[in-house]
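The values are calculated or read from the model by the stated rules, or taken from the named source; none is laboratory data. Everything numeric here is computed off the predicted structure, so don't read it as measured data. Virtual Cβ from ideal backbone geometry, glycine too; neighbours counted across all protein chains shown. Side chains are part of the model used for accessible areas, which takes the heavy atoms of the whole protein and leaves out ligands, DNA and RNA. Shrake-Rupley method; radii C 1.70, N 1.55, O 1.52, S 1.80 Å.
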Amino acid sequence: MATASPAADGGRGRPWEGGLVSWPPAPPLTLPWTWMGPSWGQHPGEIIEFPILKLNGRTMEIESTFHMYVQPVVHPQLTPFCTELTGIIQAMVDGQPSLQQVLERVDEWMAKEGLLDPNVKSIFVTCGDWDLKVMLPGQCHYLGLPVADYFKQWINLKKAYSFAMGCWPKNGLLDMNKGLSLQHIGRPHSGIDDCKNIANIMKTLAYRGFIFKQTSKPF
């Protein structure tokens, strides 16, 4: 599986530029989310978009999509900066499920897609370590929610790219697309578009012979 998450934006906000890769015959997933951060004077940061792309483990083509917006509960009003950065307006999150409900639906979706089968070897791929090392566990801790085991290991796509290309992508997805001569898909800081870019970068690296390996350390 491959998942995607947004990269840091000057410390002010980030969508999740990451992904989850599963080795054949398991499918990869890309799962980025978009969040409002404490650097905007809002603590804790809250995830407001939760997209996942399921990729075929052999072809790296998209096979299934999970995409939901999330109602922030601590700071229910989006800031103008958040809307300008992400394109997400207040009406897109009002009345949407809470993070707890979205995580329950993620689990249901993963079960339906066969991704919880113990014989399926899979791992998340993120654009940086922040999303699964800090953001998701931090918000879950604040809300008293458990963190599923499948969120506790991942591949940092930035590290994978640097291993493959010999340089660090300081500007995340933008630099990786440029380095691989790929057209950037959609809007920067859109969670679902970040997923598509992560998937495209992974596909390109895989077709060049790069073998993805876990980069996170055990919790």
Highest mean packing first, using Cβ neighbours within 10 angstrom, the peptides 107-115, 206-214, 53-61 sort as 53-61, 107-115, 206-214
Projecting the Cα atoms of Thr204, Pro218, Gly191 onto the charge dipole of region 159-219, where Lys and Arg contribute +1 and Asp and Glu -1 at Cβ, the residue farthest towards the positive end is Pro218
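What is the dipole size for region 93-189, taken about its Cα centre, with +1 at each Lys and Arg Cβ and -1 at each Asp and Glu Cβ, in debye to the nearest 20?
Values: 10 positive and 10 negative charges, 101 e Å.
About 480 debye.
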Note to self: with every protein chain in place and a 1.4 Å probe, region 134-210 gives an accessible area per residue in Å² of 48 Å²
Once the in-chain neighbours fewer than 8 apart are removed, the aspartates and glutamates whose Cα is under 19 Å from Lys203 read Glu17, Glu61, Glu63, Asp175, Asp193, Asp194
In cubic angstrom per residue, the convex hull of region 62-134 built on its Cα atoms measures 144 Å³
Here the averaged projected area of region 41-165, based on the convex hull of its alpha-carbon atoms and given in nm², is 9.2 nm²
Where a ≥ b ≥ c are root eigenvalues of the Cα gyration tensor, a/c under 1.5 meaning rounded, otherwise prolate if a/b exceeds b/c and oblate otherwise, region 99-203 counts as prolate
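So how strong a dipole does region 173-219 carry about its Cα centre when Lys and Arg Cβ are +1 and Asp and Glu Cβ are -1, to the nearest 20 debye? Please list the in-between numbers first.
Values: 7 positive and 3 negative charges, 33 e Å.
For this selection, approximately 160 debye.
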